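Bear in mind that the values in this text are calculations on the coordinates, not laboratory data. Quick caveat, the model's predicted, so the values are computed rather than measured. FYI the Cβ positions are ideal-geometry reconstructions off the backbone, even for glycines, and counts take in every protein chain you see.
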Amino acid sequence: MQLSAFGEHVIEKEVTDALTKVCRDNNWHIVNFHVAPIFANSVTGQQRGCHEWWVELRPGTVNTPTGPVLKAALDIELQRLNDDYEAKRKGGGLEPPLVRLVMPGIFESWMRAKGKWGGQNKMPRCRSDHTIADELAQIARFTTG
């Protein structure tokens, strides 16, 4: 899968590697995540697009991050991993990411609702549309940053 709603050409491996490294460096433990684009919108005042990260950490994670801390680290790491993302961020074509830390069980609930829980199924890590994020929003309680 690829996330390229803004010409940034970020692949699933890069978003996974970025989050894995940031979490490993800070002793945070990921359960699941998904990344989707948020597009510019004159109604909401969103000037430019950005990536929206939905992140579920393992319950009991010591030193749980806040959204702003996690988003800054993810932004730096993804710029390091992907030249196109870095160019969009530094050129002003892409806003910093938005991070939603969701309550435990949100991804499991989504996968069960889709009949994809267990076995060979896995959560889609990224998409160039907001479909999965909209569905997660229907069941999620989260904090933003």
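Against the longest principal axis of the chain, how steep is helix 67-81, in degrees 0 to 90 to the nearest 10, with axes from Cα atoms?
Once rounded, one gets 60 degrees.
Can you pull a Stokes-Einstein diffusion coefficient for region 2-144 at 20 °C (1.002 mPa s), Rh from Kirkwood over Cα pairs, as a whole number of µm²/s? If you can, show how the numbers build up before the last one.
Details: Rh = 15.4 Å.
Calculated translational D: 139 µm²/s.
List the residues whose amide H sits under 5 Å from the amide H of Ile30, counting only those 5 or more places along or on another chain, with H placed 1.01 Å from N in the peptide plane.
Arg58
Could you check which residue among Val35, Val99, Val22 shows the biggest mean-square fluctuation in a GNM of the chain with a 10 Å Cα cutoff?
Val22
Say each of Asn121 and Arg24 gets a label point 7 Å from the Cα, pointing the same way as Cα to Cβ; how far apart are those two points in nm?
2.9 nm
Springs between alpha-carbon atoms under 10 Å, Gaussian network over the chain: tell me which of Gly60, Gly119, Gly91 tops the mean-square fluctuations.
Gly119
Where does the chain land at 222 nm, in deg cm²/dmol rounded to the nearest 500, when only DSSP H runs of n ≥ 4 count, each adding -39500 (n - 2.57), divided by all residues?
Helix-only estimate at 222 nm: -11500 deg cm²/dmol.
For a quick check, take a GNM of the chain with Cα springs below 10 Å and name the residue from Asp17, Asp25, Asp83 with the largest mean-square fluctuation.
Judging by the Gaussian network model, the answer is Asp25.
Please work out how many pairs of lysine residues in region 2-144 are eight or more positions apart (or on different chains) and have Cα atoms closer than 28 angstrom.
For region 2-144, qualifying lysine pairs total 16.
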